[in-house]
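Below: one structure, written as structure tokens.
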Amino acid sequence: MKISVDMNVCQNYGQCVFAAPEVFDLDDAGGLVYQPTVGDTARGEVEAAAMACPVQAITIEG
Amino acid sequence: MASTRDRRIVVVGGSLGGLRVTEAIATGGWEGEIVVVSAETHAPYTRPPLSKTALVTGPDPDALAFKHGLEAGRAQWRFGARAVAADLAGRTVTLADGSTLGYDGLVAATGVRPRQLPAGVDRTGGATHVIRTVEDCRALHGALRSHPRVVVLGAGFIGCEVAATAAGLGCRVTVVALDEAPMLRPLGRAVGDAVRTRHEQEGVEFRLGSAVSSVRTEGRVHIVELDDGTSVAGDVVVQSVGSSPCVEWLADNGLDLTDGIETDNRMRAGSVPGVVAVGDVARFPNPLFDDVPRRVEHWQMPLDTARRAASTLLGDLAGADTDPAPFTPLPSFWSDQYELRLQSFGAPGLADRIDVLEGDLAEHAAVVGYFRDNRLVGALALGLPRRAVAVRRKLLASLSDPAPMCPSLT
Ligand SMILES: Cc1cc2nc3c(=O)[nH]c(=O)nc-3n(C[C@H](O)[C@H](O)[C@H](O)COP(=O)(O)OP(=O)(O)OC[C@H]3O[C@@H](n4cnc5c(N)ncnc54)[C@H](O)[C@@H]3O)c2cc1C
Ligand code: SF4
């Protein structure tokens, strides 16, 4: 499963980090970092993260 | 009994809560019909940008629309349809056009509307602004384009965000509020005062501790009169004086509708099975804190309550106990005012003691702990976004610890 975050839209709110901490994180400067490819076992969490994003910046493919 | 395929769940309210509960029902094994009755004419969209970025640029409903989950498209969406009454015993909902919809299960997801000053106080004939919908945002965005003098009534989150956005656009802004500090009730005096100084650095003026006695129009200018005898003039007046839950359509059914729809911890409303509530309109007990039902008007709650309510409803309709564990969602919200970000977790409004645990409020960079009976019930990261994830984790650990000591969050 491929994940992409539109960094022009992302506001670093971290809602995705709360939903899927294994996949999304905030770095020391408070900016979003994430794994672009993850296994299918994380699907539920990643979908929850995409739903939780207040600016709808997260796209999931595959 | 009819087969499940002939049965119907009606969701009233098609915004964040309505969308998420529809998805949870559709993916939770419900084979019957789902009808969503939505008073707004747009597909569901995200509201937080309406007082922030979208107020600067003007709102684009396509860009604000939720991308995910409208594929719960098995549901029939009736946009521009408003529920005006419900008969819970007879299991019907009546719409504004006079038609009725029978149901087996009902979800109330009608949210809140901005509270408005009474007509006797607001004598501008509807010339003041509120901000809840795309249309509200578009109107206010248009009004701010000429850099008017803006008077914001109310110093809660939305009022503070509108003030910050308007000041950032070059408007002269005055915030008028009855409370002695911005965001006093949710976050307390010290934090409110710190945020106030941040606004004052941007030229925003505050008139706090006075009630509005009237708003009237003289020519093209609105005059806001305060009960201390002073007044403030503005070209644009924005009311952000709180919200009222949209519950009228449920009247006369024996429900407790004082401040939203009271539900149990499973989000069930009243004693007739098959009725649940989600999102801003639902007042439910959260054992994370105590057994007092409360409403929470934050982004995260419609998502959490939608999942809970869908599982309760599908269980009740199937006569099964699907989800007996207590429901303990962690409230959380953020607010952006200039570059200052506030991230709050838990229930800081319940605190009887507030301690700065890290950093300095005067520098607008601090972690603040909120305690009730010496127990941490809430935490705020002010201007420290990179601490938010850890602060939230520590708060959760402390709330689930039966004998918490937790003097610090680090
Ligand atoms: C300007 C603004 C900024 C915000 N910023 C933040 C933020 O930064 N952080 C944060 O955590 N939260 C924020 N929020 C709060 C967040 O947007 C809400 O918590 C969320 O929208 C609640 O979703 P809901 O579906 O419960 O209710 P709502 O979004 O209020 O949706 C209810 C829907 O039901 C419809 N409806 C009402 N009555 C009827 C009826 N009788 N029949 C049919 N339909 C009906 C309404 O028209 C509406 O579409 C903000 C809200 C606003 C307005
Ligand atoms: S929730 Fe959305 S805005 Fe927030 S950090 Fe994640 S992708 Fe960015």
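Things to note:
- Per residue value of the accessible surface for region A:2-61 (all protein chains in place, 1.4 Å probe), Å²: 47 Å²
- Net charge of Cβ neighbours under 9 Å - reference B:Ser38; Lys, Arg +1; Asp, Glu -1: +1
- Between A and B, accessible area buried - total, square angstrom, nearest 100, 1.4 angstrom probe: 1800 Å²
- In degrees, nearest ten, helix A:43-52 long axis to first principal axis of chain A (Cα): 30 degrees
- Within chain B, helix-based [θ] at 222 nm, where runs of 4 or more DSSP H residues each add -39,500 (n - 2.57), nearest 500: -6500 deg cm²/dmol
- Excluding same-chain neighbours fewer than eight residues apart, the aspartates and glutamates reachable from B:Lys67 by a Cα-Cα span under 19 Å are A:Asp6, A:Glu45, A:Glu47, A:Glu61, B:Glu23, B:Glu40, B:Asp304.
- Maximal additional length on extending the B:Ala362-B:Leu169 stretch stands at 67.0 nm, based on 0.36 nm per residue less the C-alpha distance.
- Taking all protein chains together, B:Met301, A:Met1 sort by accessible area into A:Met1, B:Met301, largest first [probe 1.4 Å].
- FRET efficiency estimate (nearest 0.05) - Cβ-Cβ, A:Asp28 to A:Asp6, R0 25 angstrom: 0.65
- What separates the Cα centres of region B:25-93 and region B:198-241 is a distance of 35 Å.
- Overall dimensions of chain B as given by Cα atoms, namely Rg and Dmax in Å: 22.1, 67
- In this structure the amide hydrogen of B:Val204, modeled in the peptide plane, comes within under 5 Å of no amide hydrogen from residues 5 or more places off or on another chain.
- Across the protein chains, with a 1.4 Å probe defining accessible surface, the residues B:Thr94, A:Thr41, B:Thr263 rank A:Thr41, B:Thr94, B:Thr263 from largest area downward.
- Mean Kyte hydropathy of -0.5 or more with a Cα span along the axis of at least 24 Å, helices from DSSP in chain B: B:300-318
- DSSP beta bridges confined to region B:1-113 are antiparallel in about 40 percent of cases.
- Estimated D of the protein assembly as shown in µm² per second, where Rh is the Kirkwood radius over Cα pairs and Stokes-Einstein applies at 4 °C, 1.567 mPa s: 56 µm²/s
- Gain upon complete extension [B:Asp373, B:Ser400; 0.36 nm per residue less C-alpha separation]: 8.2 nm
- In the protein assembly as shown, the DSSP beta bridges split such that about 65 percent are antiparallel, to the nearest 5.
- Here the calculated FRET efficiency for B:Ala127 and A:Thr41, from their Cβ-Cβ distance with R0 = 60 Å, stands at 0.60, rounded to the nearest 0.05.
The values are calculated or read from the model by the stated rules, or taken from the named source; none is laboratory data. Computed from a predicted structure; not experimentally measured. For neighbour counting, all protein chains shown are included, and Cβ atoms are generated from backbone atoms with ideal geometry for every residue, glycine included. SASA here: full protein model, heavy atoms, side chains in, ligands and nucleic acids out. Shrake-Rupley method; radii C 1.70, N 1.55, O 1.52, S 1.80 Å.
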